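The values are calculated or read from the model by the stated rules, or taken from the named source; none is laboratory data. Keep in mind that this is a model prediction, so the values were computed, not measured. No Cβ is skipped: glycine too gets one built from the backbone with ideal geometry, and neighbour counts run over all protein chains shown.
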Amino acid sequence: MVERRDRGSSPARLARSPPAASRNAEGEIRGAGCHALLVILWNQWNAVFSSLGQRVRTHVSELRDVRNRWAHQVPFTAEDAQRAMQTVALLLRAISSPQASEATRMGEDLLGQRFRTGRRDRRATISNTISPVVSNGTRGKRMSCRDEILDCVRYVTQRAGRNEFTLKEILDCMRARGTQYKESTIRTHVTSRMCSNAPDHHARTYDDFVRTDRGTYCLRR
């Protein structure tokens, strides 16, 4: 994508690109690594790449920061790594890269690892602080589908820093956590049973969410 859009750039523009981003006889950029390509995108944004939109420019800015932190050996948490891979996937999808699906899969794998680790840590904390003995010897009740969904909604909205989420984000979150509920059950809960402004088709409903747009919801305070 960078080669295709940048091929017609003037020498003055190319001079602002990193030294490694040189052209061959056919005008193709060669020897440009991730850092060089991000710098080209950033430095020539207004002249060449602005049609990609401000959101994509934000992705580029975030990934430049990620690369600089990695280059200076700044420690990454599991959440940092998962967010970085998610941003990579968004950028690749925006430029129609065939590698977008692979980046998405890697991001989902990292998300799954985070949830599995967090679940083990929570179990260890519970076992160390709460007596596991129950008078009748029965196990604790399984979380309801609604409770699992609300837990994922809180996680997704806190991570995003805004009270907004999509059905896909909740489905991805619950799959990563190893939910036992079917996708159709989760969809019904989010889009109907738990949505206050959805048509009333169930004997029991909840006013947990408000649909703000197609496939987009917010949590009622």
Quiz item: Right, ASP172: of a type in the set (Asp, Glu) and over 17 Å from GLN86 (Cα atoms) or not?
Solution: no
Quiz item: Which residue out of ARG69, ARG64, ARG93 is part of a helix (DSSP H, G or I), surrounded by 12 or more Cβ atoms within 10 Å (Cβ to Cβ) and at pLDDT below 85?
Solution: ARG69
Quiz item: Of all residues in region 72-90 being assigned to a helix (DSSP H, G or I) and either over 26 Å from ASP172 (Cα atoms) or among the hydrophobic types (A, V, I, L, M, F, W, C) (or both), which is modelled with the lowest pLDDT?
Solution: ALA78
Exercise. Scan region 175-201 for residues that are assigned to a helix (DSSP H, G or I) and touching a strand residue (DSSP E or B) at 6+ places or on another chain (Cβ under 6 Å) and jot them down.
Key: none
Quiz item: Is one or more of the residues making up region 75-92 among the polar types (S, T, N, Q) and more than 23 Å from CYS152 (Cβ to Cβ)?
Solution: no
Self-check item: Within region 153-180, considering residues that are over 18 Å from ARG220 (Cα atoms) and surrounded by fewer than 15 Cβ atoms within 10 Å (Cβ to Cβ), the one modelled with the lowest pLDDT
Solution: GLY178
Quiz prompt | Subset of region 72-90 [under 14 Å from the mean Cα position of the chain (by Cα) and either of a type outside the set (D, E, K, R) or surrounded by fewer than 18 Cβ atoms within 10 Å (Cβ to Cβ) (or both)] | solution = ALA78, GLU79, ASP80, ALA81, GLN82, ALA84, MET85, GLN86, THR87, VAL88, ALA89, LEU90
Exercise. Identify the single condition in (1) touching a residue at least 12 places away in the same chain (Cβ under 8 Å); (2) within 20 Å of the chain's Cα centre (by Cα) that ALA198 does not satisfy, given that it satisfies every other one.
Key: (2)
